[in-house]
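Since the structure comes first, as structure tokens, the remarks are kept for the end.
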Amino acid sequence: MNKFVLIGLVMELVVGAACAVPATVTYIVDGDTFYANVMMDSDISVRTSVRIIGIDTPEINGKCKSEIDGAKRAKKRLSELLPVDSVVELSDIKDDKYLGRIDATVKLSDGRDIGKILIKENLARIYKGAGKRASWCRK
């Protein structure tokens, strides 16, 4: 099965799922994106990139030192909240603008919302997904 057929199958099964889907964290990319093995069935999982819906964190390849420093802090905190091999719950799953990535609300096993935690800790800000994002660089 080629990669694009597999991605299409994942999107068809996962995107728009009415219920929460368990996923095992495999790698932290940055403050709002990680890779996970998403459980499709009791014995089938698919590795995909997951962007935390509703938030924006600074970029690792930022335009200024304060953005890069903020990105490092956000990534470190996400790594603490989502250690490799931890199981999270994905819901409100949507297709992302990048092929092979999904957007989702991400909750810990105790029900805490990762996006809300990062916003409360001033490591992320609310992002609705439309329009140009404001700069993270201080003036």
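In a helix (DSSP H, G or I), on the phi < 0 side of the Ramachandran plot and within 15 Å of the chain's Cα centre (by Cα): which single residue out of Lys128, Lys116 fits that description?
Working: Lys128 fails: in a helix (DSSP H, G or I).
Going through Lys128, Lys116 in turn, the sole match is Lys116.
How many of the residues in region 57-66 are of a type in the set (D, E, K, R) and surrounded by 16 or more Cβ atoms within 10 Å (Cβ to Cβ)?
Going through region 57-66 one residue at a time, the tally reaches 1.
Quick check: anything in region 35-48 within 22 Å of Arg133 (Cα to Cα), at pLDDT 90 or above, surrounded by 13 or more Cβ atoms within 10 Å (Cβ to Cβ) and not hydrophobic (A, V, I, L, M, F, W, C)?
no
Scan region 27-44 for residues that are assigned to a loop (DSSP other than H, G, I, E, B), among the small types (Gly, Ala, Ser) and either within 9 Å of the chain's Cα centre (by Cα) or within 18 Å of Thr105 (Cβ to Cβ) (or both) and report the count.
Of the residues in region 27-44, the ones assigned to a loop (DSSP other than H, G, I, E, B) are 29-32, 42-43.
Those still in the list that are among the small types (Gly, Ala, Ser) too: 31, 42.
Filter again for either within 9 Å of the chain's Cα centre (by Cα) or within 18 Å of Thr105 (Cβ to Cβ) (or both), leaving 31.
Selection size over region 27-44: 1.
Tell me which of these Asp69 doesn't satisfy, since it passes every other one: (1) touching a Lys or Arg at 6+ places or on another chain (Cβ under 8 Å); (2) surrounded by fewer than 17 Cβ atoms within 10 Å (Cβ to Cβ); (3) acidic (Asp, Glu).
Of (1) touching a Lys or Arg at 6+ places or on another chain (Cβ under 8 Å); (2) surrounded by fewer than 17 Cβ atoms within 10 Å (Cβ to Cβ); (3) acidic (Asp, Glu), only one is false for Asp69: (1).
Within region 92-109, can you find the residues that are at pLDDT below 95, surrounded by 11 or more Cβ atoms within 10 Å (Cβ to Cβ) and small (Gly, Ala, Ser)?
Of everything in region 92-109, just one residue is at pLDDT below 95, surrounded by 11 or more Cβ atoms within 10 Å (Cβ to Cβ) and small (Gly, Ala, Ser), namely Gly100.
Taking region 55-90 as the search range and keeping residues that are at pLDDT 95 or above and hydroxyl-bearing (Ser, Thr, Tyr), which one is farthest from Ile28 (Cα to Cα)?
Thr57
Working only within region 45-72, note down all residues that are β-branched (Val, Ile, Thr), over 18 Å from Ser91 (Cα atoms) and not in a loop (DSSP other than H, G, I, E, B).
Matches in region 45-72: Ile68 only.
Can you name the residue in region 72-91 that is out of contact with any helix residue (DSSP H, G or I) (no Cβ under 7 Å at 6 or more places or on another chain) and over 19 Å from Ser109 (Cβ atoms) and is also surrounded by the most Cβ atoms within 10 Å (Cβ to Cβ) among such residues?
Among them, the one singled out is Lys75.
Give the residues of region 110-131 that are more than 15 Å from Cys19 (Cα to Cα), of a type in the set (Gly, Ala, Ser) and surrounded by fewer than 15 Cβ atoms within 10 Å (Cβ to Cβ), sorted by residue number.
Gly129, Ala130, Gly131
Considering only residues that are at pLDDT below 90 and surrounded by 14 or more Cβ atoms within 10 Å (Cβ to Cβ), look in region 8-34 and name the one that is nearest to Val87 (Cα to Cα).
Step one: filter region 8-34 for residues at pLDDT below 90, giving 8-20.
Cutting the leftovers down to surrounded by 14 or more Cβ atoms within 10 Å (Cβ to Cβ) gives us 10-11, 13-15, 17, 20.
Working: Val10: 19, Met11: 20, Leu13: 19, Val14: 16, Val15: 19, Ala17: 18, Ala20: 12 Å.
It comes out as Ala20.
Would you point out which residue out of Lys120, Lys132 is of a type in the set (Lys, Arg) and modelled with pLDDT of 90 or more?
Going through Lys120, Lys132 in turn, just one is of a type in the set (Lys, Arg) and modelled with pLDDT of 90 or more: Lys120.
The values are calculated or read from the model by the stated rules, or taken from the named source; none is laboratory data. Just so we're clear, the structure is a prediction, and the values are computed from it rather than from any experiment. Positions of Cβ are backbone-derived with ideal geometry, glycine not excepted, and every protein chain shown enters the neighbour counts.
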